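Engineer: Below is the structure I would like to discuss, written out as structure tokens.
The values are calculated or read from the model by the stated rules, or taken from the named source; none is laboratory data. Just so it is clear, the model here is predicted, and its values are computed rather than measured. Note that each Cβ is placed from the backbone with ideal geometry, even for glycine, and that neighbours are counted across all protein chains shown.
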Amino acid sequence: MDNKGPIGDLLHTHGLKKTFIRTEMLELFMEHDVALSASDIVAKMTARHDRVTIYRALSSFEEHGIVHRASEDRQGIKYAMCSSHCVNESHTDKHAHFVCDECHQTYCLEDVEVPEVEVSNEFSVHRINYTIGGVCKVCKA
């Protein structure tokens with residue numbers, strides 16, 4: 001599947017320059033229905049890029065509303081594509097994530113919204129992580 005047109009449009013919409021590494025990384029996210037860690041990305045890239053460049057690209061994607069942090073485990077932070085509603089520094093796709101206890105894959109459950117949580121006005125909430133654990137459909141089969 002050729003995603004280069006949509007990827008160019010996505011990067012342009014979010015004010016980012018289209019580069020080879022950004023294009024290849026976004027293709028990986030679009031090809032997988034699970035969240036990816038930096039290690040996953042390094043292992044799946046066709047061209048060799050240093051980890052610093054990959055982390056910078058992930059950070060830039062997160063800052064510009066292209067990916068969000070889906071979970072964190074021993075492999076590090078796992079990222080997933082944002083919905084089209086996210087804009088720079090404002091992730092509006094508040095949904096649950098499912099982490100499989102067996103294969104450790106993380107799935108976005110976009111149809112499961114995070115419940116409203118009220119905290120004292122002594123705190124300023126910037127993010128809420130809502131993670132569900134269990135066995136995924138692949139491992140269950």
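Engineer: Look at the stretch 99-115 and say how many of its residues are of a type in the set (D, E) and touching a helix residue (DSSP H, G or I) at 6+ places or on another chain (Cβ under 9 Å).
Structural biologist: The number of residues fulfilling the criteria is 2.
Engineer: If you scan the stretch 7-20, which residues turn out to be crowded, with 16+ Cβ neighbours inside 10 Å and in a helix (DSSP H, G or I)?
Structural biologist: Selection gives I7, L10, L11.
Engineer: Another question about this same structure. Looking at A43, A47, A57, which one is at pLDDT below 90 and either part of a helix (DSSP H, G or I) or among the aliphatic types (A, V, I, L, M) (or both)?
Structural biologist: Only one candidate qualifies: A47.
Engineer: Now a separate question. Could you check how many residues of the stretch 89-141 are in a loop (DSSP other than H, G, I, E, B) and at pLDDT 90 or above?
Structural biologist: Total meeting the criteria: 12.
Engineer: Could you give me the residue pairs with C-beta distances under 8 Å whose first residue belongs to the stretch 25-50 and is of a type in the set (K, R), whose second residue is surrounded by 13 or more Cβ atoms within 10 Å (Cβ to Cβ) and modelled with pLDDT of 90 or more wherever it lies, and which are 6+ apart or on separate chains?
Structural biologist: What qualifies is K44/L28; K44/L36.
Engineer: For the list (1) under 21 Å from H104 (Cα atoms); (2) part of a helix (DSSP H, G or I), I need the number of the one condition that D33 fails.
Structural biologist: Single failed check for D33: (2).
Engineer: Quick one: how many residues across the stretch 21-37 are surrounded by fewer than 18 Cβ atoms within 10 Å (Cβ to Cβ) and either of a type in the set (G, A, S) or under 12 Å from the mean Cα position of the chain (by Cα) (or both)?
Structural biologist: Count: 4.
Engineer: Within the stretch 81-91, does at least one residue satisfy the condition of being in contact (Cβ under 8 Å) with a residue 40 or more places away in the chain, in contact with a His (Cβ under 7 Å, 6 or more places away or on another chain) and among the aliphatic types (A, V, I, L, M)?
Structural biologist: no
Engineer: If you don't mind, there's one more thing I want to ask. In the set K78, K4, which member is more than 20 Å from Y130 (Cβ to Cβ) and either at pLDDT below 95 or surrounded by 14 or more Cβ atoms within 10 Å (Cβ to Cβ) (or both)?
Structural biologist: Answer to the check: K4.
Engineer: Looking at F20, is it in contact (Cβ under 8 Å) with a residue 24 or more places away in the chain and within 24 Å of F98 (Cβ to Cβ)?
Structural biologist: Against the criterion (in contact (Cβ under 8 Å) with a residue 24 or more places away in the chain and within 24 Å of F98 (Cβ to Cβ)), F20 does not qualify.
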